[in-house]
1. Report yes if some residue within the stretch 423-433 is within 20 Å of the chain's Cα centre (by Cα) and either surrounded by fewer than 21 Cβ atoms within 10 Å (Cβ to Cβ) or of a type in the set (A, V, I, L, M) (or both); otherwise report no.
2. Would you say Gly394 is touching a residue at least 12 places away in the same chain (Cβ under 8 Å) and surrounded by fewer than 16 Cβ atoms within 10 Å (Cβ to Cβ)?
3. Can you tell me which residue among Gly290, Gly280 is within 31 Å of the chain's Cα centre (by Cα), free of Cβ contacts under 8 Å to residues at least 40 places away in the same chain and under 27 Å from Pro509 (Cβ atoms)?
4. Could you tell me which residue of the stretch 198-247 is surrounded by the fewest Cβ atoms within 10 Å (Cβ to Cβ), considering only residues that are part of a helix (DSSP H, G or I) and of a type in the set (Asp, Glu)?
5. Considering (1) surrounded by 13 or more Cβ atoms within 10 Å (Cβ to Cβ); (2) acidic (Asp, Glu); (3) more than 30 Å from Ser92 (Cβ to Cβ), say which one Glu496 fails and leave the rest.
6. Which numbered condition trips up Ile460, out of (1) at pLDDT 95 or above; (2) surrounded by fewer than 20 Cβ atoms within 10 Å (Cβ to Cβ)?
7. Given Arg541, Arg533, Arg497, which one is under 28 Å from Ala476 (Cα atoms), within 28 Å of the chain's Cα centre (by Cα) and outside the structural domain of Gly280 (by TED's automatic domain parsing)?
Amino acid sequence: MHLAELVHKQANKYKDRTILRYKDEKKGKWKRISWRSLSDQTMQAAEAMAEFGVEETENVGVYSQNMPQCFVTDFAIFANRAVAVPMYPTSSPSQVEYIVNDAKIRFLFVGEQLQYNNAFIAQRTTKLERLIVFDNEVIFHPDDKTSIYFDDFVKLGDTSFSESTVKIRMANTSFDDLATILYTSGTTGESKGVMLKHSCFKEGFRIHDIRLTMLTDKDHSMCFLPLAHIFEKTWSYYLMHAGVKISINRDPKVIAQTVTEVNPSAMCSVPRFWEKVYVGVNEVISNATGIKKWLFTRSIAVGKKHNLDYVNEGKKAPFGLRLSFWFYDKTIFTLLRKKIGINNGNIYPCAGAPLADSINEFLHSVNIPLTYGYGLSETTATVSCFVQKGFTLGTVGTVMPGVEVRIGENNEIQVKGETVTCGYYNKPELTKEAFIDGWFRTGDAGYLTDKNEIVLTERIKDLFKTSNGKYIAPQALESRIAADKYIEQIVVIGDERKFVSALVAPNFPLLEEYAKENSIAYATTEQLLASERIHRLIESRIEIYQKEFASFEKIKRFTLLARPFTMESGEVTDTLKYRRRIINEHYAAAIEKMYRE
């Protein structure tokens with residue numbers, strides 16, 4: 001099904017059935033949008049675009065947090081045979097300016113006040129003609145004579161000219177048309193615009209239909225990650241293809257509350273979400289005593305044996321084990337899942353960064369149906385993911401049907417298939433470098449098992465070499481150690497250095513609690529971090545997680561930081577990956593001190 005017709009064909013099938021839910025922040029209530037209403041709104045917006053002068057194959061920008069209007073705008077763009085160019089809602093004015101100039105965007109749809117302000121600044125140095133604003137509460141700049149609210153914009157399309165224009169364009173759509181340009185976060189340099197055709201999404205729908213047989217139109221998913229993220233974008237489009245209802249989380253900061261309100265049976269997320277769940281649960285267990293602690297520990301052990309040693313292996317568990325698991329699942333595990341807001345769980349895809357095996361194992365042990373996978377913007381997300389039964393911890397799942405994977409030079413994972421990008425926008429040289437003999441070079445190293453599962457070993461570009469000539473994969477250490485409850489973030493240092501070190505941002509609430517329980521006096525955050533006992537605590541925690549690493553891979557020294565790495569500081573990308581070059585610059589003095597001592 002072509003994305004230009006997806007909404008309208010599904011509206012004919014599902015009619016007044018709910019497809020989107022969003023929260024009215026003023027009233028605190030969830031509102032619904034039916035398939036029929038979404039179809040009507042999409043056509044109105046498409047006709048308004050035609051009236052505004054949007055041309056076929058033109059790049060149209062969307063710069064907003066997750067809102068229903070994002071979906072309306074995307075499908076209206078597709079109806080005009082134009083190209084959707086999403087931007088992360090946290091993008092700075094300079095990032096917006098770069099994308100607008102690179103993609104030659106004339107019309108930019110923006111969300112709230114922050115996005116409007118940044119876009120208005122960028123408008124001064126770009127060829128942006130109009131800003132169309134989703135939120136009616138946004139206050140326009142006094143000098144702004146061209147911006148328009150989205151609600152007023154859609155009314156402009158009610159003409160016979162625009163209606164016929166859109167119908168002709170929809171009739172001429174092709175799967176070979178460009179659907180979207182997704183700009184990467186740029187961890188190692190200038191952001192690149194990944195071009196994906198409609199055929200990429202068509203193939204993505206097909207192969208996910210084969211793999212995700214557990215998903216039905218009775219499911220209910222939470223739209224949590226930014227819609228500029230390839231994972232959320234392709235997942236949301238696929239849900240609509242499958243007829244799955246979607247609730248939209250507008251503010252990432254309140255996701256923990258929103259999940260408990262919605263109780264989704266499905267939700268895609270990055271590992272950080274589940275890491276926090278894991279830390280929270282383990283904190284409860286560590287604080288428990290007596291029979292309560294024994295029950296927690298026993299239930300997890302039973303869950304692991306039942307779900308991973310038997311069910312996942314396709315074997316029937318012994319009666320006693322089945323009975324014990326049933327008891328724990330109906331009591332402890334149910335209470336845990338209700339607390340998180342996922343007691344109706346069916347499938348929770350997780351990708352975008354390494355997930356520690358210990359966390360993966362724990363989630364499956366307590367009967368949370370996590371589907372771990374691997375993919376890139378350039379592959380329309382999924383390259384591999386766990387099968388429902390028979391997956392192997394330590395892998396990122398089985399290669400998707402219709403996708404080919406081979407291992408190239410330096411153990412690089414290379415991909416071929418109809419979901420693979422046709423290249424980078426305006427960057428022919430980079431496009432040429434990204435392919436070898438028709439295979440896309442992922443930049444990730446790993447190997448294939450005899451079950452056609454992918455094992456990731458490192459990110460080739462992230463690899464660094466110590467001055468002793470030893471290669472280190474920092475993500476392997478980081479993903480393992482970040483599972484610790486006292487460590488919020490960790491960045492490993494060591495390129496061209498004589499040993500490995502790290503910058504550590506602690507989990508301050510738990511660290512302060514530890515200080516109180518152990519009578520560690522301090523007046524400021526700096527004094528807390530300077531405490532020798534706190535330093536020994538973090539040192540011992542790091543050592544627990546790196547004991548299986550070779551001596552040359554281990555962290556020898558570390559520095560505790562008074563603040564976390566953030567997107568605002570430029571140290572973390574919108575997809576929560578570390579910008580190592582910028583972190584090295586910001587903490588140059590602290591890093592040098594570790595190697596001087």
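1. No, the conditions are met nowhere in the stretch 423-433.
2. When the stated conditions are applied, Gly394 passes them.
3. Gly280
4. Per the stated criteria, the residue is Asp209.
5. It is condition (1) that Glu496 fails.
6. Against the list (1) at pLDDT 95 or above; (2) surrounded by fewer than 20 Cβ atoms within 10 Å (Cβ to Cβ), Ile460 comes up short only on (1).
7. Arg541
Residue by residue, here is whether (1) among the charged types (D, E, K, R); (2) buried (at least 20 other Cβ atoms within 10 Å of the Cβ); (3) part of a strand (DSSP E or B) holds:
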position	(1), (2), (3)
Leu335	no, no, no
Tyr348	no, yes, yes
Gly352	no, yes, no
Lys389	yes, no, no
Gly402	no, no, no
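The values are calculated or read from the model by the stated rules, or taken from the named source; none is laboratory data. What you see is a predicted model; the values in this text were computed from it and never measured. Ideal geometry is used to build each Cβ from the backbone, glycine not excepted, and the neighbour counts take in all protein chains shown.
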